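Taking it in order: structure first as structure tokens, then the write-up.
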Protein chains: 2
Amino acid sequence: MSNKINSISKPALNRFPDYLNYLNLMKNKGLIQISSTMIAEHLKLNPIKVRKDLELTGAIGKPRSGFLIEELIMKITDLLGYNNSSEAVLVGVGQLGKTLLSYEQFADYGLSIVVAFDKQEALWNTEVKGKKVLPMEKCKDLINRMKIHIGIITVTADDAQEVCDLMVDSGILAIWNFAPVHLTVPEHILVQNENMAASLALLSKRLKERIQ
Amino acid sequence: MSNKINSISKPALNRFPDYLNYLNLMKNKGLIQISSTMIAEHLKLNPIKVRKDLELTGAIGKPRSGFLIEELIMKITDLLGYNNSSEAVLVGVGQLGKTLLSYEQFADYGLSIVVAFDKQEALWNTEVKGKKVLPMEKCKDLINRMKIHIGIITVTADDAQEVCDLMVDSGILAIWNFAPVHLTVPEHILVQNENMAASLALLSKRLKERIQ
């Protein structure tokens, strides 16, 4: 996904959100199909540019009737990575962070941690299993630019809320939290807490019930 | 628990399972109380030795009526660590193994990983957060002697079943399995599989349902 988007010029990329807005508007008005000419007219753009842009999405327009609006919206959303639910970033490259960065089974589910961040300068620009560790300052821009929506928190309890806030601010929508702390997030953010101690405690409890 | 047991002489320690067998027998016959003399007579032991042994359990016998059988059984079981459900061993000191050995939150639940094993010689007698890493050869004897019942498997999928078999053979009753493989165990063994990829996949799925 990010490869595809990298091959598109920046000016073109900037036009896509406008297309998306307009298409959603037309869809809500009940329109089913739309031509690139109509879009170009409305957005006051060169129709050839618009046609070329829309070709990049992979949507196929018919000579007379143009594009199916619903399909075009889906293709643009896909292109922009707005529905990217398979890539994640990780913040906190300690023991646990490194374990997750090295964890090969994510690929079995089509998931990947694409980049990691840490506040420790000594770790900057190092790699863990081919994944770059970058300074926190790069976090917001990169998450935004790569349209990543899953954030993994493997920092200490003390730092977790601050990292969480930064993630939310960067466009993260789902947080996998390993820090032993309750995170406060806006309503639209998904949080999944991973408490390994509780997992072991559960097994211990089941064992206890059996042997006592 | 293991400290307490270490202060007891080996011959004394060997008598406790006999006490336990006899006490369970008497309990099943409906007996409520028993004297150390009666136990000594039945097991053909020196009554003073038996009284001293039973004192070690912390159970309190009354001058005439002796010990409450149920309490004595509980105290001996406790002493022998038969109901030890708070200590665990770990096999496989890779990235994940080290993370778990370093994980401080287990203590919040009264749980601890007391020792680790690995097949790599380079790791033998090293320590991770104060926990010794020992060769696999020591596994069975140590688990047995320390009456540990929880085993954590953090080896590769290839080695997991072999490690599992060794654990079961050593007296492990509950296995926390991080290897991405289905373990075959006897019916009385509890297995809890930890699949971190599935956890992330779940979060990804929830996110997908929301944004698509």
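Does segment B:46-69 contain at least one residue that is of a type outside the set (Lys, Arg), closer than 28 Å to B:PRO17 by Cβ, assigned to a helix (DSSP H, G or I) and outside the structural domain of B:ASN24 (by TED's automatic domain parsing)? Checking segment B:46-69: not a single residue is of a type outside the set (Lys, Arg), closer than 28 Å to B:PRO17 by Cβ, assigned to a helix (DSSP H, G or I) and outside the structural domain of B:ASN24 (by TED's automatic domain parsing).
One line per residue, one yes/no per condition, for (1) in contact with a strand residue (DSSP E or B) (Cβ under 8 Å, 6 or more places away or on another chain); (2) crowded, with 17+ Cβ neighbours inside 10 Å:
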| residue | (1), (2) |
| --- | --- |
| B:GLY130 | no, no |
| B:ILE153 | yes, yes |
| B:TRP176 | yes, yes |
| B:ALA179 | yes, yes |
| B:ASN193 | yes, no |
| B:ARG210 | yes, no |
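Considering only residues that are free of Cβ contacts under 8 Å to residues at least 24 places away in the same chain and surrounded by 14 or more Cβ atoms within 10 Å (Cβ to Cβ), which ones fall in segment B:59-72? B:ALA59, B:GLU71, listed by residue number. Looking at segment B:194-210, can you tell me whether even one residue there is within 13 Å of chain A (Cβ to nearest Cβ), modelled with pLDDT of 95 or more, in contact with a helix residue (DSSP H, G or I) (Cβ under 9 Å, 6 or more places away or on another chain) and not in a helix (DSSP H, G or I)? Within segment B:194-210 (the criterion being within 13 Å of chain A (Cβ to nearest Cβ), modelled with pLDDT of 95 or more, in contact with a helix residue (DSSP H, G or I) (Cβ under 9 Å, 6 or more places away or on another chain) and not in a helix (DSSP H, G or I)), the answer is no, since none of the residues qualifies.
The set of residues in segment A:83-117 that are more than 7 Å from chain B (Cβ to nearest Cβ) and either polar (S, T, N, Q) or over 26 Å from B:ALA179 (Cβ atoms) (or both) comprises A:ASN84, A:VAL89, A:VAL91, A:SER112, A:VAL115, A:PHE117. Taking every residue in segment A:122-136 that is under 18 Å from B:GLN95 (Cβ atoms) and pairing it with any residue that is assigned to a helix (DSSP H, G or I) and of a type in the set (Lys, Arg), at least 6 positions away or on another chain, the pairs with Cβ-Cβ distances below 6 Å are A:VAL128/A:LYS98.
For B:LYS49, indicate whether it is modelled with pLDDT of 90 or more, more than 18 Å from B:PHE178 (Cβ to Cβ) and surrounded by fewer than 16 Cβ atoms within 10 Å (Cβ to Cβ). Show your work before the answer.
Values: modelled with pLDDT of 90 or more: yes; more than 18 Å from B:PHE178 (Cβ to Cβ): yes; surrounded by fewer than 16 Cβ atoms within 10 Å (Cβ to Cβ): yes.
Criteria met by B:LYS49.
The values are calculated or read from the model by the stated rules, or taken from the named source; none is laboratory data. Everything numeric here is computed off the predicted structure, so don't read it as measured data. Counting neighbours? That spans all protein chains shown, and the Cβs are built from the backbone with ideal geometry, glycine included.
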